[in-house]
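The values are calculated or read from the model by the stated rules, or taken from the named source; none is laboratory data. Everything quoted here is computed from the prediction, not taken from an experiment. Cβ atoms come from the backbone with ideal geometry, glycine included; neighbour counts cover every protein chain shown. Ligands, DNA and RNA are excluded from the accessible area calculation, which covers all protein heavy atoms including side chains. Shrake-Rupley method; radii C 1.70, N 1.55, O 1.52, S 1.80 Å.
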Amino acid sequence: MTRLRAHDGRLTHLERLEAESIHVLREVVAEVERPVMLYSVGKDSAVMLHLARKAFFPAPPPFPLLHVDTTWKFRAMYELRDRMAKESGMQLFVHQNPDAVARGINPFDHGSLHTDLWKTEGLKQALDLHGFDAAFGGARRDEEKSRAKERILSFRAAGHRWDPKQQRPELWHLYNARKHKGETVRVFPISNWTELDVWQYIHLEGIPIVPLYFAAPRPTVSRDGLLLMVDDERFRLLPGEAPVTRSVRFRTLGCYPLTGAVESEADTLPKIIQEMLLTTTSERMGRAIDHDQAASMEKKKQEGYF
Amino acid sequence: MPGDGYRADDLAARDIDAYLERHRNKSWLRFITCGSVDDGKSTLIGRLLYDSKVVFDDQLAALVADSKRLGTQGQEIDFALLVDGLAAEREQGITIDVAYRYFSTDTRKFIVADTPGHEQYTRNMVTGASTADLAVLLVDARRGVLTQTRRHSFLVKLIGLRHVVLAINKMDLVGYSEEVFTRIVDAYREFAESVGIDAFVSIPISGLRGDNITQRSVRMPWYGGPTLMEHLGAVDVEESADSSARLRLPVQWVCRPNLDFRGFAGTVAEGSVAPGDAVRVLPSGRTTTVARVVTADGDLARATAGQAVTLTLADEVDCSRGDVIAAADAPPEVSDALRATLVWMSEEPLVPGRSYWLKIGTTTVPATVSRPHHQVDVNTLERVAVETFSLNSIGDVDVTLGRAVPFAPYDESRELGGFLLIDRATHATVAAGLVRRSTRRATNVHWHTTDVTRADRATRLGQRPRVAWLTGLSGAGKSTIANLVERRLHALGRHAYLLDGDNVRHGLCRDLGFTDADRAENVRRVGEVARLMSDAGLIVITAFISPFASERDAVRGLLPDGDFVEVFVDAPLDTAEARDPKGLYKKARAGQLPSFTGIDSPYEPPARPELHLDTTKLSAEECAEAIVARLLEGDARGLPCARRRPRRRARHAGSDARRSSSPASSRSRWVRNDSTQTRSTNLPCTSVPLRCTRWRALVAASHARLRASRAAPSSPGRTSRKANSDSCGSATISTSGIRLTCSHAHRASSSFSSSARRKAATPCSLSGSHTLRPRKSRDSSGDSSEKSTAPGSPGASGK
């Protein structure tokens, strides 16, 4: 906390954000039966995991980690995932939708079906399979317009459907986590954090993140306005395409064939933050999922996408 | 280009480390914008985001496209579209929920709760305001202070926001007129004072044009104050926090990673905490000292309000989730009965008497809500009588909790004074609540258990200390009848006292008027006095209009079962008005007496009074006799005629009596050794009804009967007396002495000895020392989460 503390002894905005998130984590753990933390290995997940380890210190967080895997994440993400699970002393569940495995669903052939089956369906399956009734997620309200109204506790009816009219008002620091059997709740402890807050916190707290966030020479191809990284041999090059080594980094991480890189020389956190501050495009530009249509996130959410 | 930006691009570009260092020290401000549909609220927020350069190029491109397609500003950018998120609301053209927006300056991070205005407004605004420090009230310069401005101001005051900005928007549409601005500010000042908003800052702006948002407007040179952003960036919200606040830490979670560590995790709600501090754990009240203030970043020398920490304590005290760790010398109150203001947030209306869950701090308890005392019309701020609350209703209720919880009045503490009501069936959050005060005895002081009990005093006076509560319209005859009752009781040698409505208003309640709240307080005070007097053994007669059922019920709750005799002195309004003994109706009709019950203030007749006296058919004397008879019913001495010749009621011999005679079936039994034992041989058994609260009186009566039966032996076997509906056992007089049997579990009452007081639903017992004690300890399968309540708290008497 000392690293976050202001000169004048008052609580800084990061200290307040941290305390608020810890409060939410503790409150939900105390009120639900079987919580789990969705760990996607991105920077938001990294912050959330860090907060969880602080919240229950000196005990390890009293819930497991769940990675809803698509088999198409960057290799560096799998490495950090396994390392962090070991370091935190938390059990790690990895779920791959068996249906998607059987059908060989991939981002090259199946378009949005890839996300639907691996992520949306995979998440529902994993929660049902293990009987988790609360899932912590690293979503933030500043990410996208429709998320500005998302509650910190977001309730899903049986079948994981989100109904905007059935959400509960959240007053003061009181969270009502009661629910019926079969209902689940998604919990977003870092709702009030912005992208800048996340980066500053990672910087000040020294939180390990996937090296892909830092600029480095990487094999890339440019396709449909996105700069894609050729992370493994499964990457299908189109006729005329050849990987070009560029100094790139990622502002957001997902399935590697769907995640656009930005050309960058920022190889330290201050430089990343600097670049972020001076950039003129929003974070989600790098994700193909949002380009479909207006209010796309809301539609995804109603279908059960996180 | 409006605004020169707050993201300090230059510094970020030149020296990122200096930039980061500056931003590390940022404070934060959470505020809410309040305005109606057309006040330009979304436009203002969109403008703040835009001017703060939170809007990226791609979003801006989308915004420009959307503005042309959906916007209301022609070909210009519609900033409102930046903040309207959900598809449904876009289609409806209104926003339907609370949205949170984020932007920063060099020195501050801002979180804006955007609460749109329409019929859902109250719920949304209260939700958004509950976490805010400041409110920006938007007023359309063309329209000035409107009903909705009053409504917003009332809600801002209700939720306790200390900082208010009156942003007079759309100045561009009134020619940037200083005169318009001044007129609106003056009009608002007058109103603000009436709702208790002492201070506010007025700023003339144009959200659309960007005047006085981030940049000082060149079109309003007459305005010398800060821009909106300057004010938001400079206002000190922490300085207003009470620096003398004492520690309050609601325990969220007990951390036990191993046998050597037992920590209590929670957020410091108020005050601060350091190792060595003396603390008290509530509601148990046990004291200890803080050993360590643990965090993952190392132990702290001191933690302040807002920090999430884990405390370890010096002693092994019982402490778990829901408890509050507080400064030992200044603990919060603990109570199981609260007066609270509710903001109803559900489509399902309130059902008075239904059990809800109530979450306050980190504890959740069952709670029953009374009928509303009143509802506040948020537009006129008038209090109106209602039967229930529906969506967006605001008003006062009494809440009775399943067990006592630590709390603070909301005005003193948001964290310990705000609560949620949760529907037990749907689990929906149906209301937000603001605690006003405890309606029980002062539970912040230790209740001293005195050795002489209510029953002792009653026995000494030889009477049952009931309270006859006369309620009815003014002019119904309450005072006349009450006076007759007191005279009659006095003539019968009873110790009685009449509390008269008019009389107490000369002293005890002379500071109270005739608003609903004052009426309620008036009744509360009289109820407390009546309870004290009846504790002292007196029979109390009260004569008060007491128009609200919930207040009367609250008094009922103060007294042992059966000792509150609600007497409905019933006279139709026209009859009472025709009598008009004090000329009050005439004055009320002339408008000289506002809030006169029956005229412009409601009267809620009792649903199930112990006595319903129709004064159009009964004389005052007949009414008085009926009350006296009811007051002395079951009394040890009874009415004079009963005293002279006891009536046999053997046919009513209850199963209680039979059961008591059979050792096998009696669940609990106590034998009182008595001097009579040595003298009594071969005497018949006699059973008399016993009510535990009056056991001594009955022992005395049994003695009398024993003597009587010696003098004139009755038929062999048993004679029994009717088991009164309020009896819970019997006294059996037999050869071995007097056997007092309590045959069923029941509520502990105030006549129990202190050891029995806390053991609810336990068969009581008599011992030679004349105290009631349970023979067996309470079954140990009790809910471990159940906290022992403060000694003397009525909540200790269980369900």
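From the Cα gyration tensor of chain A, with a ≥ b ≥ c the square roots of its eigenvalues, which class applies: rounded if a/c is under 1.5, or else prolate if a/b is larger than b/c, or else oblate?
Working: a/c = 1.65, a/b = 1.19, b/c = 1.39.
Taking the square roots of the gyration eigenvalues as a ≥ b ≥ c, chain A is oblate.
To the nearest 10 Å², what's B:Ile539's accessible area with a 1.4 Å probe?
0
Listed here are the pairs A:Lys54/B:Lys359; A:Lys73/A:Lys179; A:Lys124/A:Lys149; which of them are more than 27 Å apart at the Cα?
Numbers: A:Lys54/B:Lys359 25 Å; A:Lys73/A:Lys179 33 Å; A:Lys124/A:Lys149 23 Å.
Long pairs (Cα-Cα over 27 Å): A:Lys73/A:Lys179.
Could you give the size of the charge dipole of the range B:508-641 about its Cα centre, using +1 on the Cβ of each K and R and -1 on the Cβ of each D and E, expressed in debye and rounded to the nearest 20? Show your work: numbers first, answer last.
Details: 16 positive and 24 negative charges, 84 e Å.
Dipole about the Cα centre, nearest 20: 400 debye.
Count, for each residue of A:177-185, the Cβ atoms from other chains sitting within 10 Å of its Cβ, then give me the mean as a whole number. Mind showing how you got there, number by number?
Working: counts 4, 10, 2, 3, 0, 0, 1, 0, 0.
Mean inter-chain Cβ contacts per residue within 10 Å come to 2.
Return the distance in nm (one decimal) between the two label points of a simple spin-label model at A:Val94 and A:Leu113, each offset 7 Å from Cα along Cα→Cβ.
The modelled label-to-label distance comes out at 2.5 nm.
For the range B:242-321, give the percent of accessible area contributed by carbon and sulfur heavy atoms, probe 1.4 Å, rounded to a whole number. Don't skip to the answer; put the middle values down first.
Values: 1450 of 3230 Å².
Exposed carbon and sulfur together represent 45 percent of the surface.
Just to be sure I understand: if you take the accessible area of chain B alone plus chain A alone and subtract the pair, with a 1.4 Å probe, what total do you get in Å², rounded to 100? Let's see the in-between values first.
Details: alone 36310 and 14660 Å², together 43880 Å².
Separately minus together, B and A give about 7100 Å² buried.
Express in Å², to the nearest 10, the accessible area of B:Leu461 obtained by rolling a 1.4 Å probe over the protein heavy atoms while all chains stay in place.
For B:Leu461, the solvent-accessible surface is approximately 40 Å².
What's the average, rounded to a whole number, of partner chain beta-carbon atoms within 10 Å of each residue's beta-carbon in B:293-300? If you can, show how the numbers build up before the last one.
Numbers: counts 0, 2, 6, 11, 9, 2, 0, 2.
Mean partner-chain Cβ count within 10 Å for B:293-300: 4.
If you plug each phi of the range B:550-556 into the Karplus form 6.51 cos²θ - 1.76 cosθ + 1.60 with θ = phi - 60°, what whole-Hz ³J(HN,Hα) values come out, in order, with x for Gly and Pro?
Per residue, the Karplus-derived 3J(HN,Hα) values read 5, 5, 5, 5, 5, 5, 4 Hz.
Starting from 0.36 nm per residue, how many nanometres of slack lie between B:Arg302 and B:Arg162 once their C-alpha separation is accounted for?
My answer for the length gained is 47.7 nm.
I need the per residue convex hull volume for the range A:128-279, using only the alpha carbons, in cubic angstrom as a whole number. Mind showing how you got there, number by number?
On the way: hull volume 26.8 nm³, N = 152.
In the range A:128-279, the Cα convex hull volume per residue is 176 Å³.
Among A:Phe235, A:Asn192, A:Leu278, which residue has its Cα positioned farthest towards the positive end of the charge dipole of chain A, with +1 placed on the Cβ of Lys and Arg, -1 on the Cβ of Asp and Glu, and the dipole taken about the Cα centre?
Projecting each Cα onto the dipole axis, the largest value belongs to A:Asn192.
I'd like the Karplus ³J(HN,Hα) series for the range B:144-155: coefficients 6.51, -1.76, 1.60, θ = phi - 60°, whole numbers in Hz, and an x wherever there's a Gly or Pro.
Result, rounded to whole Hz: x, 6, 10, 3, 5, 5, 5, 4, 4, 5, 4, 5.
Find out how many positive minus negative residues lie around B:Asn503, taking Lys and Arg as positive, Asp and Glu as negative, among other residues whose Cβ is under 14 Å from that of B:Asn503. Mind dumping the intermediate values first?
On the way: positive: B:Lys478, B:Arg505, B:Arg510, B:Arg525, B:Lys582; negative: B:Glu486, B:Asp500, B:Asp502.
Combined, the nearby Lys, Arg, Asp and Glu give +2.
Ignoring ligands, DNA and RNA, please state the percent of accessible area on the range A:1-143 from carbon and sulfur, probe 1.4 Å.
Details: 2400 of 4950 Å².
Carbon and sulfur: 48 percent of the exposed surface of the range A:1-143.
Using a Förster radius of 45 Å, what is the FRET efficiency between B:Arg22 and B:Arg525 based on their Cβ-Cβ separation? Nearest 0.05, please. Working shown, then result.
On the way: r = 57 Å, r/R0 = 1.27.
Efficiency, rounded to the nearest 0.05: 0.20.
Would the range B:174-215 count as rounded, prolate or oblate if I go by the C-alpha gyration tensor, calling it rounded below 1.5 in a/c and otherwise prolate when a/b exceeds b/c, oblate otherwise?
Details: a/c = 3.51, a/b = 1.79, b/c = 1.96.
The shape class here is oblate.
If you keep only loop residues by DSSP, which GluC sites (Glu not before Pro) in the range A:32-117 have at most 16 other Cβ atoms within 10 Å of their Cβ? Before the final figure, lay out the partial values.
On the way: sites: A:Glu33, A:Glu79, A:Glu87; in loops: A:Glu33.
Loop-located and lightly packed - A:Glu33.
Calculate, axis by axis, the spread of Cα positions in the range A:48-173 along the three principal axes, and write the results as whole Å, longest axis first.
Dimensions of the range A:48-173 along the principal axes of its Cα atoms: 47, 39, 28 Å.
Suppose we take every Cα in the range A:11-50 and form the convex hull; what volume per residue is that in Å³?
Working: hull volume 2.3 nm³, N = 40.
Convex hull of Cα atoms, per residue: 58 Å³.
Just add up the charged neighbours of B:Thr289: K/R +1, D/E -1, any other residue whose Cβ is under 10 Å from the Cβ of B:Thr289. Walk me through the numbers before you get to the answer.
Working: positive: none; negative: B:Asp277, B:Asp315.
Counting the neighbours of B:Thr289, the net charge comes to -2.
What does the charge count near A:Val94 come to, summing +1 for each Lys or Arg and -1 for each Asp or Glu among other residues with Cβ under 9 Å from its Cβ? Can you show the working numbers first?
Numbers: positive: A:Arg81; negative: A:Asp69.
Overall, the nearby charge balance is 0.
Please average, across the residues of B:260-268, the number of beta carbons from any other chain that are within 10 Å of each residue's own beta carbon, and give a whole number. Working shown, then result.
On the way: counts 0, 2, 0, 4, 0, 10, 4, 7, 1.
What the average comes to for B:260-268 is 3.
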